[in-house]
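Throughout, read-outs are computed from the coordinates displayed, never taken from laboratory work. These numbers come from a predicted model, not from an experiment. Ideal geometry is used to build each Cβ from the backbone, glycine not excepted, and the neighbour counts take in all protein chains shown.
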Amino acid sequence: MDNIQETEKTAGRRKVAKALQNSTVSKDGNWRTFEEVPCLMQYKGRAFYLRKRIDGDVYTRSLETDVFSVARERIPKKVQEILDEIDSAAKADASPKPEAAPQVVPVTVGDGIAKQVARQVAGPFKKQTHRYHETCRKRLVEVWPELPEMLITAVSEDMCLAWATKERGAVSTNYFNNLRHFLSSIGMLPRREQKLMNQRIAQVGQKPHNF
């Protein structure tokens, strides 16, 4: 038994000696590579590293030993670890990612008016429609001069109702309704609130104390 173990040790030493004999040292003298084990590297005659090219990418991992035979035995396990890392990264990339919250950009009422005017100009509308919107715009700015500079999110329902209460008594019902629709078209309130707001504004003048 002892003779067998001694024979194995001797064979192991011969393999190491042969590997060292068939090795190449880099120009800077830091790295040694081995012809018999192409993916094995030794740094400054001490620690061994695995250097493996997989799918075009080069991976370098420490084998955490300075013994040639131990380093060579650890190569398969280290290669498998790299493959597992690649597989995990691929699965992570394939999994659905939560959508980033949309960035909220402050928008003024003036921006909304300009956007509405641009839609009208680009659309197949008659000149009469353009004149109608321009008239509404001028009237809004006339009775509510600070409105264009206000952020849409800052315009409350109470402000709109105060405007409606004043305007209802100053213009005809038909003109008031045109102004009301124009006010909604420029996005004064989120869509879910516009319908309710329109209903309440429509009540102004009919039931002034029951908003």
**Q.** Neighbour cut-off at most 14 other Cβ (10 Å), DSSP loop, chymotrypsin sites (Phe, Trp or Tyr not before Pro), the range 113-169
**A.** F125
Q.
Can you compute 3J(HN,Hα) from phi for each residue in the range 108-113, using the Karplus curve 6.51 cos²θ - 1.76 cosθ + 1.60 with θ = phi - 60°, rounded to whole Hz and x for Gly and Pro?
A. 8, 4, x, 4, x, 5
Q: Can you tell me how much longer the chain between Y43 and N174 gets when fully stretched, taken as 0.36 nm per residue apart minus their C-alpha distance, in nm with one decimal?
A: 38.3 nm
